[in-house]
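The values are calculated or read from the model by the stated rules, or taken from the named source; none is laboratory data. What you see is a predicted model; the values in this text were computed from it and never measured. Please note: Cβ atoms are built from the backbone with ideal geometry, for glycine as well, and neighbour counts cover all protein chains shown.
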Amino acid sequence: MDSIVKGLISLGVRQDDRVAVLMNARPSGLSTIAAISRLGATAVLLRPDGDLASEVAASAPKWLISDLEQAIPDPIPGVTWCVLGGGTAPRTLPSHVADMERIEPDEVETPAAVLTPDQPWSLPLDRPDVVDLKSLLEDPTRHVRPAKIVRTAQLVAENRAAGRKTVVWSNFVANISALTVGLAQHNPAVITGATALDNTKATTDRRRQLEKFRHDTECWVLIATPQTLGEGVSLHLTAVDQVHVDRGFAAGTWLQAIDRTHRLGMPSDASPTCTVVLAAKTIDERVSDVLNTKVEAMAAALDDHTLGPVADPLIVDGDPVAAMLGDVDALRELLRATTSGGLGNEDVVQLP
């Protein structure tokens with residue numbers, strides 16, 4: 001069957017193509033059907049004793065594969081006729097019929113990422129002009145960037161064009177490495193659990209990476225794990241845009257990460273954004289549902305309506321700051337509370 005698959009690839013059969021099969025009940029016929037299925041094409045079974053013209057018209061195949069004895073002398077418009085079986089001995093076929101027995105399977109390259117004939121490289125490759133199929137098959141991560149990394153790079157580039165820096169979060173070291181490569185043109189600062197806190201003898205440390213992000217005008221993005229930098233650091237004076245490439249099930253970590261850039265003290269004209277990159281029909285959707293449920297439960301337990309927009313940003317329309325922090329005016333009023341408001345002296349918070 002592998003040889004038939006390579007023969008189909010050599011002819012140009014691709015995913016979603018309709019391939020008519022006009023063969024008698026024999027092992028080669030079953031193998032052909034299986035090979036078509038493996039390519040993601042659709043096998044259309046024609047009856048050897050049926051009305052060929054009407055069946056082809058009804059099924060509209062792009063290809064037709066038949067036994068040698070089924071080949072007809074006249075071509076069918078819009079259909080490429082191929083013959084399989086009958087041995088490898090020399091034979092004369094009509095000019096419109098391709099002989100699959102003449103194909104050498106070992107000489108056919110398997111196009112790993114080819115999904116359609118018109119778009120042979122449908123995946124985002126670093127350098128499509130230098131990628132050979134063998135290398136792509138053996139080590140795809142060297143050449144193919146995941147769609148989430150590509151989307152994150154687009155968001156960072158858009159923010160940079162607007163003169164805005166971005167904080168990018170990921171829980172996984174492999175993603176951090178991919179992001180570092182994918183965002184290299186933005187001169188990223190990178191902090192993970194392996195980054196020393198403050199060590200002048202180390203190649204770099206968190207203090208130097210934070211300084212780079214805050215003060216280097218050519219550094220447009222900070223890439224970090226929320227477990228490492230999700231609390232104890234204020235970034236809101238440097239960036240108010242963040243992107244989450246992935247998230248874990250810990251709601252506290254998620255909320256703390258948001259707080260690094262979305263907090264009181266932001267510039268008055270700030271328009272903060274928080275983008276979560278979700279891959280459809282993956283664990284991302286499950287994580288999102290669980291986090292939303294946890295945040296909603298937390299808001300109910302604490303009687304804190306400001307957490308609602310974090311679980312569902314559509315709760316608050318308009319002001320993007322309010323969408324993340326809730327009722328900012330009410331929060332400021334609470335912080336300015338005096339004893340006349342019913343708080344004890346020990347509870348008074350005086351603002352400058």
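Restricting the range 246-263 to residues that are in a loop (DSSP other than H, G, I, E, B) and charged (D, E, K, R), the residue that is modelled with the lowest pLDDT is ARG263. Among residues of the range 173-187 that are modelled with pLDDT of 95 or more, those with a Cβ under 9 angstrom from a residue that is of a type in the set (S, T, N, Q), sequence gap 6+ or separate chain, pair up as HIS186/THR166. Of the residues making up the range 231-256, those that are within 19 Å of LEU197 (Cβ to Cβ) and either of a type outside the set (Ser, Thr, Tyr) or not assigned by TED's automatic domain parsing to the domain that holds PHE213 (or both) are GLU231, GLY232, VAL233, LEU235, GLN256. For the range 230-245, taking the residues that are of a type outside the set (S, T, N, Q) and in a strand (DSSP E or B), the one that is surrounded by the fewest Cβ atoms within 10 Å (Cβ to Cβ) is identified as HIS244. Pairing each residue of the range 188-214 that is hydroxyl-bearing (Ser, Thr, Tyr) with any residue that is assigned to a helix (DSSP H, G or I), provided the two are 6+ apart or on different chains, yields C-beta distances under 6 Å for THR192/ILE176; THR192/THR228; THR195/ARG206. Across the range 15-38, what is the number of residues that are surrounded by fewer than 18 Cβ atoms within 10 Å (Cβ to Cβ), closer than 22 Å to GLY78 by Cβ and under 27 Å from the mean Cα position of the chain (by Cα)? Residues that pass the stated criteria total 2. For the range 228-274, residues that are over 22 Å from the mean Cα position of the chain (by Cα) and of a type in the set (Asp, Glu) total 3. Kindly indicate the residue of the range 89-100 that is under 17 Å from LEU8 (Cα atoms) and outside any strand (DSSP E or B) and also modelled with the highest pLDDT among those meeting that condition. Ranking the candidates gives MET100 first. From the list LYS212, LYS201, the one residue that fits, being of a type in the set (Lys, Arg) and surrounded by fewer than 17 Cβ atoms within 10 Å (Cβ to Cβ), is LYS201. State yes or no: is ILE283 loosely packed, with under 13 Cβ neighbours inside 10 Å, in the same structural domain as GLY163 (by TED's automatic domain parsing), under 22 Å from THR152 (Cβ atoms) and hydrophobic (A, V, I, L, M, F, W, C)? So ILE283 fits the description; yes.
Taking ASP303 as the residue in question, decide whether it is of a type in the set (Asp, Glu) and over 23 Å from the mean Cα position of the chain (by Cα). Answer is yes for this residue. If you go through the range 275-303 and keep only what is free of Cβ contacts under 8 Å to residues at least 24 places away in the same chain and touching a Gly at 6+ places or on another chain (Cβ under 8 Å), you end up with GLU296, ALA299. Candidates LEU179, LEU222, LEU197: the one that is of a type outside the set (Phe, Trp, Tyr), assigned by TED's automatic domain parsing to the domain that holds LYS165, part of a strand (DSSP E or B) and touching a helix residue (DSSP H, G or I) at 6+ places or on another chain (Cβ under 8 Å) is LEU222.
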